[in-house]
Amino acid sequence: MNRTSIQLTKTKTRNIDGLEQTGTNAAFCDAVRVSLGKETFLYISGQTPIDDNGSLVGKTMAEQTRQVLSRIEKILKHEGATMDNVVRVRVYTTDISPESLRQIHATRNQFFNSQNLPASTLVEISGIIRKGAMIEIDAEAVIFEK
């Protein structure tokens, strides 16, 4: 087994207010890549709707979901994979109203192939670590080495 931590975020505090204020380094990475011969598993940490500078992106659930999935897609691309490699997602949201669910799923449908959908969990929670964020998604992918 070969395990590699993937760090695309440049700051050690990962632009998290509570950590920046205390100077505490975040104790997680963007993803962990585990290679087991011809199969590689990619475990992507929960992504929030921020840009590379840590600023919140989007005011609607659709805009924030798009930003989160774009961040996941960026990590996948960095590791030589695509959204088609994603086998599972966990979605955490502060709002499961019918309109929010519609926006989340309509946006997800723009990123995932309808013939290759991942397993999924969606949970309503009271808050996200990023102030103003309404959604966080983590993902697991399987990459078959050639």
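Can you run down the residue pairs with Cβ atoms below 6 Å, 6 or more apart or on separate chains, where the first is in the range 28-45 and over 13 Å from Ala139 (Cα atoms) and the partner is surrounded by 15 or more Cβ atoms within 10 Å (Cβ to Cβ) and among the small types (Gly, Ala, Ser)?
Close Cβ pairs (under 6 Å, with a partner that is surrounded by 15 or more Cβ atoms within 10 Å (Cβ to Cβ) and among the small types (Gly, Ala, Ser)) amount to Phe28/Ser45.
Given the conditions (1) polar (S, T, N, Q); (2) surrounded by 13 or more Cβ atoms within 10 Å (Cβ to Cβ); (3) touching a residue at least 24 places away in the same chain (Cβ under 8 Å), which single one is not true for Thr13?
(3)
Mind checking which residues of the range 54-82 are of a type in the set (Gly, Ala, Ser) and open to solvent by 30 Å² or more (accessible area, probe 1.4 Å)?
Ser55, Ser70, Gly80
Considering only residues that are in a loop (DSSP other than H, G, I, E, B) and touching a Lys or Arg at 6+ places or on another chain (Cβ under 8 Å), look in the range 17-27 and name the one that is most open to solvent (accessible area, probe 1.4 Å).
Of everything passing the filter in the range 17-27, Asn25 is most open to solvent (accessible area, probe 1.4 Å).
Somewhere in the range 64-71, is a residue assigned to a strand (DSSP E or B), among the charged types (D, E, K, R) and more than 15 Å from Phe144 (Cα to Cα)?
no
Among the residues of the range 87-95, are any open to solvent by 10 Å² or more (accessible area, probe 1.4 Å) and either touching a Pro at 6+ places or on another chain (Cβ under 7 Å) or touching a residue at least 60 places away in the same chain (Cβ under 8 Å) (or both)?
Yes: one or more hits.
May I ask you to say which residue of Glu140, Glu99, Glu136 is part of a strand (DSSP E or B), farther than 24 Å from Asp17 by Cβ and either open to solvent by 70 Å² or more (accessible area, probe 1.4 Å) or among the acidic types (Asp, Glu) (or both)?
When all the criteria are applied, what remains is Glu140.
Name the one entry in Ser45, Ser35 that is crowded, with 17+ Cβ neighbours inside 10 Å, over 17 Å from Gln110 (Cα atoms) and hydroxyl-bearing (Ser, Thr, Tyr). I'd like the intermediate steps shown before the answer.
Values: Ser35 fails: crowded, with 17+ Cβ neighbours inside 10 Å.
Going through Ser45, Ser35 in turn, the sole match is Ser45.
The values are calculated or read from the model by the stated rules, or taken from the named source; none is laboratory data. Model, not experiment: these values are computed from the prediction. Note that each Cβ is placed from the backbone with ideal geometry, even for glycine, and that neighbours are counted across all protein chains shown. Accessible surface areas use protein heavy atoms only, side chains included; no ligands, DNA or RNA. Shrake-Rupley method; radii C 1.70, N 1.55, O 1.52, S 1.80 Å.
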